Amino acid sequence: MIRFKQRSTENELMDDLSLDEIQIRSILKDITLANKWLGGNNITIKALDRLFKEHPREKYTILDIGCGDGSMLREVADHCAENHIKTQLIGLDLNEKSINIAKESSRGYGNIRYLTQDVLALKPEKFRCDILLCTLTLHHFSREQIHTFIKKFALLATIGIIVNDLDRNKIGFALFKVFSLVFMKTHVAKHDGLVSIKSGFTKNDFHIFSRSVPSMDYKVLWRWAFRYEWILTHPNT
Ligand SMILES: C[S@@+](CC[C@H](N)C(=O)[O-])C[C@H]1O[C@@H](n2cnc3c(N)ncnc32)[C@H](O)[C@@H]1O
């Protein structure tokens with residue numbers, strides 16, 4: 001693999017909380033399109049299915065950290081409804097405008113609720129869940145922050161954690177450049193997609209992060225298109 005040696009510390013433009021709701025809506029639409037075309041959310045759905053199978057429960061509470069416009073949770077809700085799996089779904093995001101869009105887009109989904117919440121200030125006793133999802137959000141944080149909140153996530157989730165994030169890879173970067181030029185509309189999503197890949201991870205990064213939660217079992221799997229699936233589970237749950 002051809003790598004960027006270090007994770008980039010460049011800021012993503014979408015983290016600017018002064019962007020208005022119309023801008024946020026278009027950016028999240030671009031991200032959702034990339035997820036759909038490049039199979040991003042499917043990775044999380046398949047990982048969820050494996051956890052459902054290994055940890056049968058009557059009902060699952062699932063928390064999505066950095067939920068954006070809620071498209072991941074709607075896919076989870078549809079998938080679980082089709083498979084007769086009962087769920088209660090909660091989406092958290094720092095950006096109130098994204099939460100408003102998520103709420104509006106999820107009308108008709110009685111089992112999803114959304115809250116504006118900074119993940120860095122998350123109180124484990126307030127948000128207990130069975131499974132915690134974190135899709136394309138981890139790369140927004142520094143190594144120190146990731147070590148801190150993976151410990152918090154471990155306290156929140158009784159079964160485990162599914163992280164789906166980007167491979168820091170020059171080939172993925174070049175391919176995304178072409179994809180975004182052809183298919184994405186907003187400058188912010190094109191820019192942030194490239195910054196995100198440079199802020200992404202190597203397999204070894206996840207091995208190192210996993211040392212913060214030594215009591216958990218974990219797996220790191222490379223997935224097309226240039227993603228990592230990092231699953232942590234509590235043993236004997
Ligand atoms: C690239 S988007 C991913 C959105 C969605 N998970 C997806 O896969 O399409 C990253 C999200 O993380 C959110 N985010 C960034 N920093 C955050 C923080 N400190 N607390 C909560 N959410 C945060 C952003 O507002 C944004 O919605």
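Could you state the number of Å between the C-alpha centres of the stretch 168-237 and the stretch 1-44?
The stretch 1-44 and the stretch 168-237 have Cα centres separated by 11 Å.
Counting other Cβ atoms within 10 Å, which chymotrypsin sites (Phe, Trp or Tyr not before Pro) in the stretch 185-237 have at most 15 and lie in a DSSP loop?
Answer in residue order: Trp224.
Can you sort Arg7, Arg211, Arg227 by how many other beta carbons sit within 10 Å, fewest first?
Result, fewest neighbours first: Arg211, Arg7, Arg227.
Just tell me, in residue order, which DSSP H segments of the chain are both 15 angstrom or longer along the helix axis (alpha-carbon based) and at least -1.0 in mean Kyte-Doolittle hydropathy. Don't skip to the end; give the middle numbers.
Details: long enough: 21-37 (24 Å, -0.08); 40-54 (22 Å, -0.41); 71-82 (17 Å, -0.25); 143-156 (20 Å, 0.06); 170-183 (19 Å, 1.75); 187-198 (17 Å, -0.03).
Once both thresholds are applied, what remains is 21-37, 40-54, 71-82, 143-156, 170-183, 187-198.
In nanometres, what is the gap between the two model label sites at Ile2 and Ile171, each 7 Å from Cα along Cα-to-Cβ?
1.0 nm
Could you please report the charge total around Ser212, scoring K, R as +1 and D, E as -1 over all other residues with beta-carbon less than 11 angstrom from its beta-carbon?
+3
Hey, which of these cross-link pairs are over 26 Å Cα-Cα: Lys103/Lys185; Lys170/Lys203; Lys53/Lys177; Lys103/Lys177; Lys152/Lys219; Lys29/Lys152?
From the list (Lys103/Lys185; Lys170/Lys203; Lys53/Lys177; Lys103/Lys177; Lys152/Lys219; Lys29/Lys152), the Cα-Cα distance tops 26 Å for Lys53/Lys177; Lys103/Lys177; Lys29/Lys152.
Between Asp30, Asp167, Asp16, where does the largest GNM mean-square fluctuation fall for the chain, given springs only between Cα atoms within less than 10 Å?
Ranking Asp30, Asp167, Asp16 by mean-square fluctuation puts Asp16 first.
Tell me, rounded to the nearest percent, the portion of alpha carbon pairs in the chain spaced more than 27 Å apart.
So the pairs more than 27 Å apart make up 30 percent of the total in the chain.
Below 8 Å, C-alpha to C-alpha, sequence gap of six or more: please give me the relative contact order for the stretch 58-120 in percent.
Working: 110 pairs, mean separation 24.8, N = 63.
The value is 39 percent.
Local charge sum around Ala225 (other residues, Cβ-Cβ under 15 Å, Lys/Arg +1, Asp/Glu -1)?
Net charge in that neighbourhood comes out at +4.
To the nearest 0.05, how large is the calculated FRET efficiency for Glu58 and Glu104 if R₀ is 45 Å and r is the Cβ-Cβ distance?
Between Glu58 and Glu104 the formula returns 0.90.
Can you pull the one-decimal nm distance between simple spin-label points at Ser212 and Val178, each 7 Å off the Cα toward Cβ?
Output for this residue pair reads 3.6 nm.
Kindly put Val220, Val182 in sequence by how many other C-beta atoms sit within 10 Å of each C-beta, fewest to most.
Least to most surrounded, the residues fall as Val182, Val220.
Which net charge results for the neighbourhood of Ile162, defined as the other residues with beta-carbon distances under 11 angstrom from its beta-carbon, given Lys and Arg at +1 and Asp and Glu at -1?
Details: positive: Lys46, Arg50, Lys219; negative: Asp49, Asp64, Asp165, Glu229.
Computed value for this residue: -1.
In the structure shown, do any of Lys86/Lys198; Lys126/Lys198; Lys59/Lys123 have a Cα-Cα gap over 31 Å, and if so which?
Exceeds cut-off: Lys86/Lys198; Lys126/Lys198.
Return a whole-number percent for the relative contact order of the chain, with Cα pairs under 8 Å and 6 or more residues apart as the contact set.
Details: 405 pairs, mean separation 58.3, N = 237.
Normalised by residue count, the contact order of the chain is 25 percent.
How fast does the stretch 1-62 diffuse by Stokes-Einstein, in µm²/s, taking the Kirkwood radius from C-alpha pairs at 20 °C and 1.002 mPa s?
Once the numbers are plugged in, D ends up at 139 µm²/s.
Which order results if Met72, Met216 are arranged by neighbouring Cβ count within 10 Å, fewest first?
Ordered by Cβ neighbours within 10 Å, fewest first: Met216, Met72.
Looking at the stretch 93-131, which GluC sites (Glu not before Pro) are in a loop (DSSP not H, G, I, E or B) and have at most 16 other Cβ atoms within 10 Å?
Those that pass, being in a loop and sparsely packed, are Glu125.
Counting DSSP beta bridges with both partners in the chain, what percentage is antiparallel, nearest 5? Kindly include the intermediate steps, with their values, before the conclusion.
Values: 15 of 38 bridges.
Once the DSSP bridges in the chain are tallied, antiparallel ones form about 40 percent.
Only the coordinates and a few stated rules stand behind these numbers; no lab work does. Please read these numbers as outputs of a predicted model, since none were measured by experiment. Backbone-built Cβ (ideal geometry, glycine too); neighbour counts: all protein chains shown.
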